[in-house]
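Below is one structure, written out as C-alpha cells, with a few remarks after it.
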Amino acid sequence: MSDVSQNRTKPSVENCNAVPDIDRSVYDIRDEEHESDFYRLEEGLTEETVRRVSEEKNDPDWMREFRLKCLDIYNRTETPPWGPDISGLDMDHISSYVRSKSEMKGSWEEVPEDIKNTFERLGIPQAERESLAGVGAQYDSELVYHNVRREVAEAGVVYTDLESALRGEYAEMIRSHFMHLVPPTDHKFAALHGAVWSGGSFVYVPKGVKLDIPLQSYFRLNAAGAGQFEHTLIIVEEGADLHFIEGCSAPKYNVANLHAGCVELYVGRGARLRYSTIENWSKNMYNLNTKRATVAEDGIMEWVSGSFGSHTSYLYPMTILKGNRSRMEFTGITFAGKGQNLDTGAKVVHIGEQTSSLISTKSIVKSGGIGTYRSSVVIQPSARRARSSVSCDSLMLDAQSRSDTIPGMDIRTSDADVGHEAKIGRISDEAVFYLMSRGLSEEDAKAMIVSGFADPVSKELPLEYAVEMNNLIKLEMSGNG
Amino acid sequence: MSAELRQDEILLATHNLSVSVNGAPILHGVDLAVRPGEIHVLMGPNGAGKSTLGFALMGNPHYEVTEGRIDFNGEDITGLSTDKRARAGMFLSFQNPLEVPGISLGSFIRNALHQQTGQPVKLLAFKKQLAEAMALLSMDESYADRDLNVGFSGGEKKKAEILQLLMLRPKFAILDETDSGLDVDAVRTVSRGVEAYQQQVGGALLIITHSTRILEALHVDVTHVLVKGRLVATGGEELVEEINSQGFERYLG
C-alpha cells in the first residue's frame with residue numbers, strides 16, 4: 001500500500017498559536033516635519049520651557065502661575081512605585097510642545113494639506129459627514145480643526161478648544177473646574193500635565209439638552225520624541241445627555257513618545273454622559289493618561305474603552321458617585337501584543353446612597369504581551385445600600401504572554417451588595433478545528449474567536465469604531481506583519 | 001480540485017489508515033472506499049474508534065496519521081489542513097458542536113460559504129435559502145441570529161449541524177452520532193434534513209451511529225463494523241438489521 005512517513009501529518013499543535021504582529025501601515029504613515037512649517041520646543045522640562053509654552057499659548061496670568069506650581073509639584077513627586085516599568089521614558093528627550101504654524105480652522109478645506117491627508121487616511125472627517133454632531137482634530141500639541149453642526153450650537157452646546165474657551169465667555173467656568181477633579185498633586189504625570197498641557201476640548205451641554213448624535217475628538221501625535229498633553233473638560237448640566245467619542249493614534253518612531261492627557265467630566269443631576277475611546281497609539285508610546293468623572297444625583301456615567309496601542313499604559317478611568325442613586329458602567333477591552341505592557345482597569349468611589357457601579361472588562365494577550373487588569377472599588381460609609389459588580393475575562397493566545405488581575409475593594413458599609421468575578425482562558429484547539437472544518441483558515445478561525453470574545457465591547461461602540469476595533473483585531477491576528 | 005468524478009470512481013478512500021492520539025494507537029489499518037452519492041454506515045461498540053476515524057478524515061491535528069493514506073476526489077489529502085479539506089468538499093457534523101460566542105449562526109454560515117466559494121454571498125438569496133432550510137428542520141428563525149451554538153439545547157445543536165450541511169452542500173459528509181441524545185421527533189427532523197441533502201446535493205455520507213432510527217428513510221449502501229480500531233465486517237443494509245437485533249457480540253473477543 002502506501003509508504004507515507006510518520007511525520008507526514010497536519011500542522012503541528014505547538015505552532016497553532018504563533019501569531020505574527022500587526023500591520024499598522026495606515027497608522028504608521030508619518031508626515032515629514034518641514035522645519036519651516038512647525039514650531040517645536042526644545043526637549044526637556046525646565047521652568048524656562050513651561051514659561052515658553054505659556055507664552056506661546058497666551059495664557060491668562062492664573063494659568064501661567066498654575067503651570068509653574070504644577071512644575072514644582074512634578075519636580076517634588078516620585079514616579080509611581082507600582083505598575084509597569086517606565087524607566088525608558090526620559091523627560092530630557094521629550095519635546096513637550098510641537099505645533100503647526102497654521103491657526104486652527106473651522107472649515108476642513110483650510111486645514112494644511114499634509115495634516116488633512118493624515119486625518120483623511122484615518123477616516124476623519126468622513127465620519128463627521130455621516131453621523132457626528134461635531135468634530136475636533138488635534139495634531140501634535142494643537143487643535144487644527146473644530147466644527148459643530150449649526151443646530152447643535154444653536155441649542156447652546158459649546159464644543160471648542162480649551163484655549164479659546166479660556167479667553168471667552170466660559171473663562172470663569174473653566175477656572176473653577178480645570179484640574180479640580182484631577183488635582184496636580186494626584187500623581188507625577190498629572191502634575192506634568194498641568195505644567196505643559198496644550199490642546200484638547202471644552203464641551204458644555206446646557207440643562208436639559210439631549211444630543212442624539214455624538215461629538216468626536218481625534219488626537220494624532222505625529223512628531224517624533226514629542227509629548228501630547230491634551231486636556232478634555234466636559235460639563236453636562238442637569239438632565240442633559242451627551243455621547244463623546246475620543247480616538248487616538250500615532251505613527252511609530254524609534255524614540256519614546258509620551259501621552260499624558262487629562263480628562264475631567266462633570267455629570268449633573270439626572271444627566272447622562274457616555275465617553276467612548278478607541279486608543280491605538282503606536283508601540284513606542286508611553287500612555288499615562290488620567291480620566292475622571294464626578295456624577296451628581298441620579299446621573300449616569302458610561303465609559304467604553306478600547307486600548308490597543310502604546311508601549312506602556314497606565315489607564316484607570318475613575319468615577320466618583322457623589323450624588324444619591326448615581327450610576328456608572330465601565331466596559332473596557334485591552335489587547336496587549338509583542339513588547340506591550342498595558343496596565344488598565346477602572347476605579348469607582350461610592351459616596352452617595354444607593355449608588356451603583358458595573359465594571360466589565362476583557363483582556364487579550366499574545367506574543368509575549370502583558371495585560372494587567374487593575375481596579376479599585378471604594379464604598380464609603382455614607383454610601384448606604386450601594387451596589388457594585390466587577391467582572392474581568394482574559395484570553396491568552398499563547399504561553400509566552402501574561403495576564404494578571406488585581407482587583408481592589410474597600411467596603412465601609414454593612415449593607416453593600418458587591419460581586420467580583422474573574423476568568424482567564426485560552427483559545428480552545430477544538431473550537432479552532434470546528435471552525436476550520438467549515439472552511440475557515442486557521443487565522444480566520446482564531447480571529448473569529450477573538451472577535452467573539454471582544455463582541456460584548458464592540459456592541460457598545462459606535463458602528464465605525466466597532467468596525468475599526470474588529471479590523472485591529474484581525475490585523476493583530478493576521479500574518480501581515 | 002479535480003473535475004467531477006464518475007459514479008463508479010472512488011470519492012473518498014483510506015488505505016491502511018492507522019491513527020494515534022497522544023501517542024496511543026487507536027485505528028489500525030482501516031480501508032474504506034466511498035463512491036459519490038453512496039451512504040455508508042459505521043457501527044461499533046463504544047470506544048471502537050468511530051469518532052477518531054471522523055476526526056482523522058477531517059484532519060484534526062490532535063489525531064496523528066501514523067500509517068496509510070487518505071484520498072479525496074482523486075488526490076492524496078493526508079497532509080492537508082482541515083480548512084482545505086472542507087473547501088475540497090468534506091464536512092463533519094460534530095457529535096458535540098462547539099459553542100462560539102460573538103458570531104451568529106447565520107453570519108457564520110454565510111462567512112463559511114464565502115470562504116469555501118471565494119465568491120461574495122448575496123444576502124437576500126442567502127436569507128431565503130437559510131429560511132427554507134431552517135423551516136425544513138423545524139428550527140425557529142431566531143436561531144439564525146443567536147450566537148453559534150451558545151445555549152442551544154442538544155437537539156438544536158444537532159439541527160444547526162444539519163443546517164450547515166444543507167447550506168454548505170459538501171460532496172462528502174461524516175455524521176458523527178448526529179442522532180444520539182435526541183428524542184424521536186428530533187431524530188425524524190434531522191433525518192429529514194439528511195434526506196434533503198441527499199436529494200438536493202447527491203453527496204456521499206458516512207453515518208456513525210448506534211441506532212437505526214436515523215437510517216429509516218435512507219437507502220444504506222454499505223455497512224461497516226469497527227471494533228477496537230479495526231474494520232471487522234462489511235456488508236449491506238442487512239448488516240444494520242443484524243446488529244440492531246443481535247448487537248456486536250459476535251465481533252468481540
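Some observations on this one:
- Percent of beta bridges antiparallel (DSSP, the stretch B:117-253, rounded to nearest 5): 50
- Dipole-positive endmost among B:232, B:33, B:152 within chain B (Cβ charges, Cα centre): B:152
- Mean separation of Cα contacts under 8 Å (6+ apart) over length of chain B, as relative contact order %: 25
- Inter-probe distance in nm under a simple model that places probes 7 Å from Cα toward Cβ, at residue B:230 and residue B:16: 1.6
- Counting Cβ atoms of other protein chains within 10 Å of each Cβ in B:117-128 and taking the mean gives 0.
- Inter-chain neighbour count for A:426-433: the average number of beta-carbon atoms from partner chains within 10 Å of each residue's beta-carbon is 4.
- Spin-label model, residue A:430/residue B:252: points 7 Å from Cα along the beta carbon direction are separated by 2.6 nm.
- Note on the stretch B:7-251: percent of Cα-Cα distances in each 10 Å bin, starting at 0 and stopping at the bin with the largest distance, equals 7, 32, 37, 20, 3, 0.
- Helix-derived mean residue ellipticity, 222 nm - over the protein assembly as shown, DSSP H n ≥ 4, -39500 (n - 2.57), to 500: -8000 deg cm²/dmol
- Computed over the protein assembly as shown, the range of Cα coordinates on each principal axis works out to 99, 56, 47 Å, biggest value leading.
- For residue B:93, net neighbour charge (Lys/Arg +1, Asp/Glu -1) across residues whose Cβ lies under 14 Å away: +1
- Note on residue B:211 and residue B:146: the extension gain reaches 20.3 nm, defined as 0.36 nm multiplied by sequence separation minus the Cα-Cα distance.
- With 0.36 nm allotted per residue and the present C-alpha distance subtracted, the residue A:110-residue A:87 stretch has 4.2 nm of extension available.
- Options A:211, B:44, A:185, ranked by Cα towards positive dipole end of the protein assembly as shown, top entry (Cβ charges): B:44
- Computed over the stretch B:39-116, the P(r) curve from all C-alpha pair distances, binned at 5 Å from the origin, holds 3, 11, 20, 23, 21, 13, 8, 2 percent per bin.
- DSSP-defined antiparallel bridges as percent of all bridges, the protein assembly as shown, nearest 5: 20
- Here the dipole of chain B is about 620 debye; that uses its Cα centre as origin and unit charges on the Cβ of Lys and Arg (positive) and Asp and Glu (negative).
- Measuring between their Cα centroids, the stretch A:374-427 and the stretch B:135-174 lie 37 Å from each other.
- Three-way shape call for the stretch B:76-124 based on the alpha-carbon gyration tensor, with the a/c threshold at 1.5: oblate
- Sorted largest first, extent of the stretch B:151-200 alpha carbons per principal axis (Å): 27, 21, 15
- Magnitude of the charge dipole for the stretch A:352-453, about its Cα centre and with charges confined to Cβ atoms of Lys, Arg (+1) and Asp, Glu (-1), is about 280 debye.
- Residue among B:14, B:82, B:197 farthest towards the positive dipole end of the stretch B:7-251, charges placed on Cβ: B:82
- Among A:72, B:185, sorting on how many other beta-carbon atoms sit within 10 Å of each Cβ, with the fewest leading, yields B:185, A:72.
- Rounded to whole Å, sorted largest first: equivalent-ellipsoid semi-axes of the stretch A:282-351, Cα gyration tensor: 29, 10, 8
- Cβ crowding within 10 Å ranks A:45, A:258 as A:45, A:258, fewest other Cβ atoms first.
- A straight line joining the Cα centroids of the stretch A:430-481 and the stretch A:184-219 runs 32 Å.
- If R0 is taken as 41 Å, the Cβ-Cβ distance between residue A:65 and residue A:399 corresponds to a FRET efficiency of 0.15.
- Order of A:211, B:27 - criterion: other Cβ atoms within 10 Å of each residue's Cβ, fewest first: A:211, B:27
- Computed from point charges on the beta carbon alone (+1 for Lys and Arg, -1 for Asp and Glu), the dipole magnitude for the protein assembly as shown about its Cα centre is near 960 Debye.
- Cβ-defined net charge surrounding residue A:373, 10 Å radius [Lys, Arg +1; Asp, Glu -1]: -1
- Cross-link pairs A:459/B:127; B:127/B:159; A:362/B:122 - those with Cα-Cα distance over 27 Å: A:362/B:122
- The simple Förster model, with R0 at 56 Å and r as the Cβ-Cβ distance, assigns residue A:52 and residue A:421 a FRET efficiency of 0.65.
- Summing +1 for each Lys or Arg and -1 for each Asp or Glu among the other residues whose beta-carbon sits under 11 angstrom from that of residue A:422 gives -2.
- Peptide B:83-93 shows a mean partner chain C-beta count of 4 within 10 Å per residue C-beta.
Any read-out appearing in this document is the output of simple, stated calculations on the displayed coordinates, not a laboratory observation. In this text the structure is predicted, and so the values were computed from the model without any measurement. Positions of Cβ are backbone-derived with ideal geometry, glycine not excepted, and every protein chain shown enters the neighbour counts.
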